[in-house]
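**Student:** Structure incoming, see below.
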Amino acid sequence: MTTNDERAVRAEALLGRHGIAGARVVPLGAYGEIAAIRAPAADPADLARLAPEIRALGFRYVALDPPANDEVTP
Amino acid sequence: MPVAAAKEERLRAQLRDFRSVCVGFSGGVDSSFLARVAVDELGPDRMLAVTGVSPSVSAAQLSDARTFAAAYGIPHLEVDTGEMADPRYSRNAPDRCFYCKSELWNRLGDVARVRGLAVLVDGANADDASDYRPGTRAGQAFGVRSPLAEAGLTKAEIRALSRALGLPTWDRPAAPCLASRVVYGLSVTPGRLRQIELAEEIIRSHGFVEFRVRHHGSVARIEFSPAELNAGFASADDLARELRGLGFERVVIDLEGYRRGALNEGLAVVATGEL
């Protein structure tokens, strides 16, 4: 899943500046109100510390997007 | 006399002044304490605890209310409420609680009149004024009194007094209705409420105690309490697999955890239609 959402692009850049490379951010929810972060190599506690800065980019909530979301359901 | 004990005395005196009461009873910490004190002060002939039953009340919550009432000799009545049929409720605007509580107190008012009970009371406490609560406005329209709040009792004090009385509810997590988990602007339907109820049962079966499943349409966002947040991160994949089986396309874990009234943070979204 990729996104052209400007908020998401800026959030990915922010994570990169904090040493979290390769993170993917996707807007989710009924209004795109959730920044869903996929960064398997990152410690969730590090992502949590950055959540307020990501929210300030225009999201209401910041959440961890587990890899299992991409598994094909039977 | 400690402050909380003095407030409890004030509460007991006020209930005696009321002479008879109909208690809006959810089985949660506050209304359970209130019902227990009310039956203590007024006796079972001059009080009645009433629980509104609808898809927004979980089966577990209803069971807790029944068990508590039976254990403490509290007369208990369940009444069906029809808020789901009211489009002003189901559209899920920020004033949703007003229409739900209006329906509830309308039904309880009928019960009180038939049973000859003088005063409708709820379990609102002194802390509740700090959150956005349109339901309180509905209660005021029906003349509902809030004796815990009027006595100045805070949630922490109610928990301490409940513990002193030996009530099993003293450490029960707050359990607002299931509709409070649906993001504002997304309609409340029996199907969505059932998804939330089942999702929370699954998470509870993993050993978690204090959390919320927030319904964002195709997405479930789980908020764990700070104490359980790291365990929630560790279980993220397992929970995503299980909750997707309930019909959610994606399941995400909120990085900041459970915050009381978290969906009220989305009020601006509903009001303006944009972020």
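The values are calculated or read from the model by the stated rules, or taken from the named source; none is laboratory data. Owing to the predicted nature of the structure, the values given are computational and were not obtained by experimental measurement. Note that we place each Cβ from the backbone using ideal geometry, even for glycine, and neighbour counts take in every protein chain shown. With ligands, DNA and RNA removed, areas are computed over all heavy atoms of the protein, side chains included. Shrake-Rupley method; radii C 1.70, N 1.55, O 1.52, S 1.80 Å.
**Student:** Once you have the Kirkwood Rh of the protein assembly as shown from its Cα pairs, apply Stokes-Einstein at 25 °C and 0.890 mPa s and quote D in µm²/s.
**Tutor:** Numbers: Rh = 21.5 Å.
Roughly 114 µm²/s, to the nearest whole number.
**Student:** Plugging the Kirkwood radius over Cα pairs into Stokes-Einstein for region B:148-232, at a temperature of 20 °C and a viscosity of 1.002 mPa s, what D comes out in µm²/s?
**Tutor:** D = 145 µm²/s.
**Student:** Right, next: At a probe radius of 1.4 Å, figure out the B/A buried accessible area, summed over both chains, and give it in Å² to the nearest 100.
**Tutor:** Working: alone 12730 and 4880 Å², together 15030 Å².
When B and A are taken together, about 2600 Å² of accessible area is lost.
**Student:** Further question: For chain A, which GluC sites (Glu not before Pro) are both in a DSSP coil and crowded by at most 12 other Cβ atoms within 10 Å?
**Tutor:** Those that pass, being in a loop and sparsely packed, are A:Glu71.
**Student:** Hey, what D do you get for region B:44-160 in µm²/s if you plug the Kirkwood alpha-carbon radius into Stokes-Einstein at 4 °C and 1.567 mPa s? Don't skip to the end; give the middle numbers.
**Tutor:** Numbers: Rh = 15.3 Å.
Translational diffusion coefficient: 84 µm²/s.
**Student:** Would you work out if region B:83-233 is rounded, prolate or oblate? Take a ≥ b ≥ c from the square roots of the eigenvalues of the alpha-carbon gyration tensor; rounded if a/c is under 1.5, else prolate when a/b is larger than b/c, oblate otherwise.
**Tutor:** Note, shape of region B:83-233 comes out oblate.
**Student:** Something else: For chain B, which span is the longest to avoid every loop-located (per DSSP) member of trypsin sites (Lys or Arg not before Pro) having at most 14 other Cβ atoms inside 10 Å?
**Tutor:** After excluding every exposed loop site, the longest remaining stretch is B:20-259.
**Student:** Could you work out Rg/(2.2 N^0.38 Å) for region B:18-57, with Rg from alpha carbons only?
**Tutor:** Normalised by 2.2 N^0.38 Å, the Cα Rg of region B:18-57 equals 1.19.
**Student:** Ok, one more. Which percent of Cα pairs goes in each bin when the distances of region B:1-109 are cut into 5 angstrom slices starting at zero?
**Tutor:** Calculated over all Cα pairs of region B:1-109, the distribution is 2, 12, 20, 19, 18, 13, 9, 5, 1, 0 percent.
**Student:** Let me ask something else. Once phi is turned into θ = phi - 60°, what whole-Hz ³J(HN,Hα) does the Karplus curve with 6.51, -1.76 and 1.60 give for every residue of region B:158-171, x standing for Gly and Pro?
**Tutor:** Whole-Hz 3J(HN,Hα) from phi for region B:158-171: 5, 5, 5, 5, 5, 5, 4, 7, x, 7, x, 7, 4, 10.
**Student:** Once the Cα atoms of chain A are picked out, what are the Rg and Dmax in Å?
**Tutor:** Cα only, chain A: 11.7, 39 Å (Rg, Dmax).
**Student:** Please calculate how many Å² of accessible area region B:1-90 carries per residue, with a 1.4 Å probe and no DNA, RNA or ligand atoms counted.
**Tutor:** For region B:1-90, the solvent-accessible area averages 41 Å² per residue.
**Student:** Same structure, new question: Using only the Cα atoms of chain B, construct the convex hull and provide its projected area averaged over every direction, in square nanometres to one decimal.
**Tutor:** Seen from a random direction, the Cα hull of chain B projects 14.4 nm² on average.
**Student:** Now for a separate question. Hey, what do the phi angles of region B:5-17 turn into as Karplus ³J(HN,Hα) couplings, whole Hz, using 6.51/-1.76/1.60 and θ = phi - 60°, x for Gly and Pro?
**Tutor:** Computed from phi, the couplings for region B:5-17 are 5, 5, 5, 5, 4, 4, 4, 4, 5, 5, 4, 5, 4 Hz.
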